[in-house]
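Data block below; observations after.
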Amino acid sequence: MARFRDAGTPSMTNGQAAQATLESEMQGAVVRGGMPDGPEIIETAPALRHSSSWHDGRLGEILARQRQLTPQEVERIAAVARLRRVRFGDAAVALGLASAQDVFQALASQFRYACAAKAPGRDRSEQVMLHRPRSAQAEAVRALRSELSRQVFRDGEPAASLAVLSPQAQDGKSFLSANLAVAWSQAGRRTLLVDADLRGPRQHQIFGITDGHGLSSLLSGRAGMDVIARVQDVPGLYVLPAGPLRSDRGGHPGMRLRRRRTGRGRSLLCGAGGRAARRQPACIAGGLDRPPVAGSGTAGRCGHEHLLSPADGMIKVCFVGLDNLPVISRAHNRHGIGGEQVQHTLLARALARRGFEVSMVVANYGQPDGLEIDGVRLHRAHGLDEGLPVLRFLHPRLTGLWRALGRADAQVYYVSTASSQLGVVAAFARRHGRRVVFRIAHDLDCDPKRLLIRLWRDRKLYEWGLRRADAVLAQSQQQRAALRANYGLDSRVAGMLVEPAVRDLDFKARDVPVLWVNNLRPFKRPDLALALAQRLPQVRLHMIGGPQGGHEDLFETTHRNSAALDNLQFHGRVAYHDVNDYFERARVFVNTSDSEGFPNSYLQAWRRGVPTVSFFDPDGVIRRFGLGHAAQSLQDMAMAVERLTRSPDEWHATSARCRDFMDAHYGDDTVLRPYLEALRG
């Protein structure tokens, strides 16, 4: 077989003639930077989508073997790939020498990844791990797998089993069990999925296998271990279907399972798990057949939210954030917000889903007091501009906040960002025997000489409350060290939550080359964003940011100066609920701030596979994990932005690292753990 040189120069005697021939062959053939459309192609095997596969000779060998291509045809594909700067598989499809499914099968073989081929009788709508691996549901399953891998299925330990239960029908047991089993098999664990839902089994439908014999046959002694089915195209995954549900002298199969759960039934299941999954096994019993039990809707939810729930009784938590309403309520999203308001809302929702009684003290935007949104009850304090100057500090601000804290009647009050509010909340908590958890929101919150608090009175109230907080959380090790050095206080690093992406766009589909998002304040340095646009006239930059109180002149100046730049589009303030659309369409996210905490915008970008180019690199994560570029100068920033916006290969590799970083470090349960420990004291 000829040596494959996918990225090399075609071996033709006349270069110009070869180019003309190839140009002719490409007429009418559409070659795209990503895999051709179709869920089983585009959204399967996430690790493959970001690989520069046409540079790897093995793909050519595999494809040639599968399609029985001649060496001349392989050379022809490689030449087109080189000429058009597309991947080898895309060129093969465009030339009609391979189908999209052929290319995907070759990629799956090359990287030893489960391939979601179409199979008759298989319910593809529920197999999100195989057919929609970039969806929010698939990300939640991966997060759950990571958490369980740490707590239950540790490498090197004997086989472990997991039962997926819920209090009532239609709670998603079958869906979660099926996708969790696929997730573990994709991670290299040989996995046995047991359909123990003997009232309404569905795993045989999801995986397209026969249900003539199964668990019920095994328990009644009418069948042996050969009823375990290997799932086609998913290496390492085996399914034991429920089997026939008829009653006989032994009674309903579910009764036999319960009678034998400590005897033969358990032995059979353990034996099945051991024989089907010898190396690094995981045995999942999906939807165990048990009568519906009484329970709240929260207790019955399936998913990784089930792992972390209130201990020692119901915990009542109140978030104090006067600017939070525009995030939690779409009806008020015309008002400006920042990253901390987003974090308050995401954390409040996550705790409410886990069974905590959650409330929030917000400003009066005209909403009714006691309004409940997403399981969070909102208590109204005062209007943002209500009252007379000087006097309004006492009334209505202090009095309104104090009354709202009382109506919340929480056990723990959560505050973030340096302000006088922390002192007021700490005083309320001391008087009523409650606890306060404070989270640092900016590096300057840890430095008494650089606090972003204008009035001496408010600075002293903040510092008084800081020293009386029952627990302090930091965003980074930098903040933790600064707090200890400047205030002598200890803290614990706690990460941030981020909403999952709705869409997963490829490089060519992203029509926002460069995105800048920040509230316009002097330390955010919007002037440097304008200077960056001047240095890159061929790259279009989108700038999003609204005016901040006391800095309206900066907003007007930035808006006016942006109009002189043809390659800069200034959007002004954009509602939070619409900003994520820009992140999903962006190729590169840029931050020009002098100082930050840990920007929520970084997480929004990385979750959506957007590399970040910034002067500010918290704890060096951008540099250490390859999440973009930590720039040292404006020229350095411009060069990095130009590379990432023009090189699909470099962008795909960096984008994949961003997603991997978020999967590894920002699963909900991982992020929530320090918060829960602080709230519980």
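Every read-out reported here was derived from the displayed coordinates using simple, explicitly stated rules and does not represent laboratory data. This one's a predicted model, so the numbers in the text were calculated from it and none came from an experiment. Backbone-built Cβ (ideal geometry, glycine too); neighbour counts: all protein chains shown.
So here's what we get for this one:
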{"item": "Rg over Rh, two decimals, the range 482-562 (C-alpha only, Kirkwood Rh)", "result": "1.11"}
{"item": "Distant alpha-carbon pairs in the range 310-463 (separation over 26 angstrom), percent", "result": "22"}
{"item": "Förster radius 25 Å - calculated FRET efficiency between residue 449 and residue 385 (Cβ-Cβ, nearest 0.05)", "result": "0.25"}
{"item": "Gained length - residue 665 relative to residue 70, 0.36 nm times residue gap less alpha-carbon distance", "result": "209.6 nm"}
{"item": "Estimated distance in nm for a label pair at residue 643 and residue 680, the labels positioned 7 Å out from Cα along Cα-to-Cβ", "result": "4.5"}
{"item": "FRET efficiency estimate (nearest 0.05) - Cβ-Cβ, residue 85 to residue 468, R0 60 angstrom", "result": "0.45"}
{"item": "Contour minus Cα-Cα distance for residue 162 and residue 594 (0.36 nm per residue)", "result": "150.7 nm"}
{"item": "Set of lysines with alpha-carbon distance to residue 449 below 18 Å, sequence-local pairs under 8 removed", "result": "460"}
{"item": "Spin-label model distance (nm) - residue 578 vs residue 477, 7 Å beyond Cα toward Cβ", "result": "4.1"}
